[in-house]
Amino acid sequence: MQDSHNQQTGEIDDSVARAAVALPLAIRELLDADSTAVIILGLRGDVWSANETALELLGAESVEAMTTGSASHAVLRSMLDHAPRHLVSGTSDGVWQGDVDHIDPMGDLRVFRATIATRHDARVLGGGFIGVSAHDVTISRKNAANLRQRATHDPLTGLANRRQILTTLAHALADQRDRPGHVAAVFVDFDRLKHVNDALGHQIGDRLLISASQRLAEAIRPQDRVARIGGDEFLVVCAGIAGPSEALGLADRARKALTGHLRLRQLDLPLSVSIGVALSDDDVLSRDDASAASALISNADTAMYEAKSAGRGRCVLFTGEMRSAERERAELASELTRAIADRRLTIDYQPLFSTVTQQAVGAEALVRWNHPERGQIDPAEFVSIAEEAGSIGQLGEFVLDRALLETRLWNERGVVGDDFAVHVNVSSVQLGSSSFVNLVMNMLRSHGVQPQQLVLEASETPLLGRNADVDRSVLALRRQGVRIAIDNFGTGANALSVLTDIGADILKLDGAFGLPIGSSDADTRLVRAVVLLAHALGMRVAAQRVSDADQLRHLRAAGCDLVQGNLLAPAGPAEALVATAAF
């Protein structure tokens with residue numbers, strides 16, 4: 001009888017305790033709306049109260065079902081086991097917060113963010129209680145991991161990205177400072193990948209990059225780290241390198257792994273890379289770790305461009321001489337940007353003459369830069385600097401604006417006729433810009449120049465590269481009446497027949513292709529054949545760099561429509577334009 005009485009008393013005490021800690025309805029609904037699970041336990045671990053969210057979270061139908069040995073109680077026990085022992089089985093009060101990993105009965109990992117609070121109080125039935133609140137953060141944890149992955153890794157290849165490899169490189173440099181040897185940055189750039197994208201589409205280009213990145217990862221040492229840092233650019237960080245010979249050996253291993261043919265979707269694609277290698281030296285290590293990492297990558301990038309200039313498909317080690325040249329080009333780039341902004345560049349004009357009338361039917365605008373300290377700088381040098389520095393758009397806009405202004409003045413003064421056109425060189429960057437067509441048409445309207453008085457010259461490669469953005473610009477400009485000229489034809493590897501894909505109005509033969517002194521009869525026949533084909537495609541043919549009377553005679557005999565060169569009239573300022581030449 002006494003045992004039965006004690007059992008009944010314990011059950012009454014527990015029920016009274018549960019009632020004492022039961023949450024008001026409004027609080028329960030608020031917590032459920034917030035997806036907050038709340039469980040109240042006695043100090044012995046028996047569950048007194050749980051809201052609906054807690055029951056769903058723990059997989060229990062009711063509080064009564066959360067008995068020792070049940071799956072729901074096992075999850076709850078897992079949470080309690082993460083808290084310090086003195087909180088759940090001792091006599092002290094306190095709060096613990098943290099994430100709890102749990103494998104559910106289906107074998108899936110679930111993560112709970114829990115807060116556990118213990119309160120001992122003799123005035124509370126049962127001597128106190130343990131309160132647990134929890135959220136299921138499994139999805140948010142996965143999302144956070146995905147965000148971290150996306151922030152530090154390239155989504156296409158899964159390799160580290162520029163941000164991550166900079167951190168890796170900075171740590172490698174910090175570790176190497178007190179050790180013998182060097183850290184090497186190996187800069188890998190795929191040759192002519194743009195042509196693959198333009199010809200076959202970016203999907204094929206992406207598949208090529210994925211396959212090539214796997215080859216690269218397999219070619220390096222296990223301790224090396226590789227990242228994709230740009231469209232077709234990869235960087236390998238190698239620590240503990242003894243010297244240049246070992247670094248170049250590793251780079252050449254990567255080059256060989258990425259050279260050859262890659263078969264994708266029954267396409268046999270040629271693959272080659274240009275690689276620049278830079279070692280940590282005193283100049284690099286004189287900086288803090290982050291700055292040293294950026295400097296080392298810049299050095300490797302410079303060496304990579306040297307590899308491309310030397311013929312592609314090779315490895316080049318960065319040297320002190322390159323550093324001096326790089327600094328000089330960086331200074332020139334900055335000075336060029338200021339010169340463009342201050343309109344301190346000048347334009348010379350070289351006429352193009354009709355081989356029939358001997359009248360000037362056009363003039364090519366040639367930009368000049370008279371540097372205050374270095375004197376006249378070769379246009380080929382500062383134009384390439386503008387392309388590297390990203391100021392080619394501003395340079396091209398400046399030249400176009402000045403050329404159209406001078407054309408309007410020639411028109412007003414009666415120096416030229418309506419059939420006269422100014423020729424302005426444009427880059428692939430300009431032609432590929434979505435705003436370029438509007439820019440050209442707005443400038444024509446602003447200066448009061450007719451579209452047919454403008455010829456835009458572009459080299460063979462960008463026009464024939466089958467770039468969709470370039471194609472759209474060219475077609476739109478021609479529809480408006482602006483003419484397009486293929487400049488320096490004969491220097492690229494494209495066939496004349498592909499000109500029909502876009503169309504052009506003028507074909508300008510490269511000087512070496514335009515029957516220079518010493519050309520044979522076979523050369524003359526070849527030029528005549530090109531002229532005939534161009535005429536069949538509706539194009540006029542111009543020969544550049546004409547410097548000899550015999551050369552001029554052969555070009556006229558071959559059927560060239562236009563000639564340009566110092567023999568006829570050298571380039572000069574706008575006010576000295578030569579309108580007539582006697583052949």
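The values are calculated or read from the model by the stated rules, or taken from the named source; none is laboratory data. Everything numeric in this text was worked out from a predicted model, so none of it was measured. Here the Cβ positions follow ideal geometry from the backbone for every residue, glycine too, while neighbour counts run over all protein chains shown.
Here are the numbers:
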read-out: Qualifying residue in the range 247-263 (condition: part of a helix (DSSP H, G or I), in contact with a His (Cβ under 8 Å, 6 or more places away or on another chain), under 19 Å from ARG314 (Cα atoms) and assigned by TED's automatic domain parsing to the domain that holds ALA300); value: yes
read-out: Subset of the range 406-446 [hydroxyl-bearing (Ser, Thr, Tyr) and not in a helix (DSSP H, G or I)]; value: SER427, SER433, SER434, SER435
read-out: Qualifying residue in the range 344-353 (condition: of a type in the set (Lys, Arg) and surrounded by fewer than 16 Cβ atoms within 10 Å (Cβ to Cβ)); value: yes
read-out: Qualifying helices (runs of 4 or more DSSP H) (wholly inside the range 268-346; at least 2 residues being in contact with a helix residue (DSSP H, G or I) (Cβ under 7 Å, 6 or more places away or on another chain) and modelled with pLDDT under 90); value: 320-341
read-out: Any chance ALA239 is in contact with a Phe, Trp or Tyr (Cβ under 6 Å, 6 or more places away or on another chain), more than 20 Å from THR157 (Cα to Cα) and in contact (Cβ under 8 Å) with a residue 60 or more places away in the chain; value: no
read-out: Where a residue in the range 552-577 is farther than 25 Å from ALA522 by Cα and its partner, wherever it lies, is charged (D, E, K, R), with Cβ under 7 Å and at least six apart; value: ALA571/ASP348; GLY572/ASP348; PRO573/ASP348; ALA574/GLU406
read-out: Criterion (buried (at least 20 other Cβ atoms within 10 Å of the Cβ) and more than 23 Å from ARG163 (Cβ to Cβ)) met by exactly one of ALA247, ALA254; value: ALA247
read-out: Condition check for ARG413: farther than 16 Å from GLY481 by Cβ, of a type in the set (Lys, Arg) and either crowded, with 16+ Cβ neighbours inside 10 Å or in contact with a helix residue (DSSP H, G or I) (Cβ under 6 Å, 6 or more places away or on another chain) (or both); value: no
read-out: Of all residues making up the range 66-100, the number that are within 15 Å of HIS135 (Cα to Cα), touching a strand residue (DSSP E or B) at 6+ places or on another chain (Cβ under 6 Å) and exposed (fewer than 15 other Cβ atoms within 10 Å of the Cβ); value: 2
read-out: Close pairs (7 angstrom Cβ cut-off, 6 or more residues apart or separate chains): in a loop (DSSP other than H, G, I, E, B) in the range 61-88, of a type in the set (S, T, N, Q) anywhere; value: VAL63/SER49; ALA65/SER72; MET66/SER72
read-out: Subset of the range 290-304 [surrounded by 18 or more Cβ atoms within 10 Å (Cβ to Cβ) and either hydrophobic (A, V, I, L, M, F, W, C) or more than 12 Å from ALA185 (Cα to Cα) (or both)]; value: ALA292, ALA293, ALA295, LEU296, ILE297, ALA300, ALA303, MET304
read-out: Residues satisfying the stated conditions in the range 89-101, i.e. under 50 Å from the mean Cα position of the chain (by Cα) and touching a residue at least 12 places away in the same chain (Cβ under 8 Å); value: VAL95, TRP96, GLN97, GLY98, ASP99, VAL100
read-out: Enumeration of residues in the range 347-405 that are among the charged types (D, E, K, R), within 32 Å of the chain's Cα centre (by Cα) and in a strand (DSSP E or B); value: ARG368
read-out: The range 114-131 residues that are within 16 Å of ARG85 (Cα to Cα), paired with ones that are acidic (Asp, Glu) (beta carbon under 7 Å, 6 or more apart); value: THR118/ASP93; ARG119/ASP93; HIS120/ASP93
read-out: Boolean, GLY396 is over 22 Å from LEU562 (Cβ atoms) and crowded, with 22+ Cβ neighbours inside 10 Å; value: yes
read-out: Residue satisfying condition, being closer than 23 Å to THR357 by Cα and not β-branched (Val, Ile, Thr), within set ASP378, ASP419, ASP401; value: ASP419
read-out: Selected residue (only one of ARG113, ARG123 is over 36 Å from the mean Cα position of the chain (by Cα), charged (D, E, K, R), in a strand (DSSP E or B) and not assigned by TED's automatic domain parsing to the domain that holds SER286); value: ARG113
read-out: Hits in the range 147-190 (condition: outside any strand (DSSP E or B), closer than 14 Å to LEU235 by Cβ and among the small types (Gly, Ala, Ser)); value: ALA170, ALA172
read-out: All positions within the range 469-482 that are without any contact (Cβ under 8 Å) to a residue 40 or more places away in the chain and part of a helix (DSSP H, G or I); value: ASP469, ASP471, ARG472, LEU475, ALA476, ARG478, ARG479
read-out: Complete set of residues in the range 284-320 that are under 18 Å from THR167 (Cα atoms) and of a type in the set (Lys, Arg); value: ARG287
read-out: Residues within the range 526-583 that are in a helix (DSSP H, G or I) and small (Gly, Ala, Ser), tallied; value: 8
read-out: Test: residue in the range 132-144 that is touching a residue at least 60 places away in the same chain (Cβ under 8 Å), among the β-branched types (Val, Ile, Thr), surrounded by 12 or more Cβ atoms within 10 Å (Cβ to Cβ) and within 21 Å of THR36 (Cβ to Cβ); value: yes
